[in-house]
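Here the structure is laid out as structure tokens; the discussion comes afterwards.
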Amino acid sequence: MYQDWNTVVWNKGSTRTKGVSKEQDLNIARRRGEEIITEKKFFGGKNTSTKKLAMPNAARLDQDTGDYRIERVSHEFSKALQQARVAKKLTQTQLAQMVNEKTSVINDYESGRAIPNPILIQKISKCLSTNLPKPIRKKKSTVEE
């Protein structure tokens with residue numbers, strides 16, 4: 001058997017030399033009489049991709065009308081859904097189970113609070129075997145001559 005008696009050093013430490021700081025560089029340049037130019041960095045170390053998009057969006061925001069209402073189901077649709085469900089003698093819970101949704105979703109559609117989902121409306125129409133009216137009210141257009 002052979003035994004190694006040499007010592008092993010696990011952490012030698014860094015062999016890099018320390019760099020000169022920016023402040024020291026400035027002081028050396030001042031002593032020599034060199035001209036020092038300082039520039040302010042904009043967006044230093046920050047995400048600038050969002051700052052570039054700010055100006056085009058500002059123009060769009062100024063031109064925007066600001067009408068952001070979310071379309072809900074119409075009163076006619078909710079009444080027709082309710083009448084079709086009652087005609088089939090189903091409860092909201094039973095209809096919800098048939099279309100694989102929560103009871104609260106059916107309740108929202110019948111009360112007019114729901115945002116129309118065409119796929120769900122199609123499922124409900126198939127389960128009730130009726131043609132339900134269009135869920136969104138048509139806006140009345142006023143034409144001035």
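The values are calculated or read from the model by the stated rules, or taken from the named source; none is laboratory data. Since we're looking at a predicted model, the values are computed, not measured. A quick note on method: Cβ atoms are made from the backbone with ideal geometry, for glycine too, and the neighbour counts reach across all protein chains shown.
Among the residues in region 107-116, are any assigned to a loop (DSSP other than H, G, I, E, B), polar (S, T, N, Q), modelled with pLDDT of 80 or more and within 30 Å of Pro133 (Cβ to Cβ)? No: zero hits. Applying the set (1) in a helix (DSSP H, G or I); (2) at pLDDT below 95; (3) of a type in the set (Val, Ile, Thr) to Thr93 leaves exactly one unmet item: (2). Considering region 1-26, and only residues there that are surrounded by fewer than 10 Cβ atoms within 10 Å (Cβ to Cβ) and outside any loop (DSSP other than H, G, I, E, B), the residue that is modelled with the lowest pLDDT turns out to be Lys22. Does Ala80 qualify as being surrounded by 14 or more Cβ atoms within 10 Å (Cβ to Cβ), touching a Pro at 6+ places or on another chain (Cβ under 8 Å), outside any loop (DSSP other than H, G, I, E, B) and aliphatic (A, V, I, L, M)? So Ala80 passes the test.
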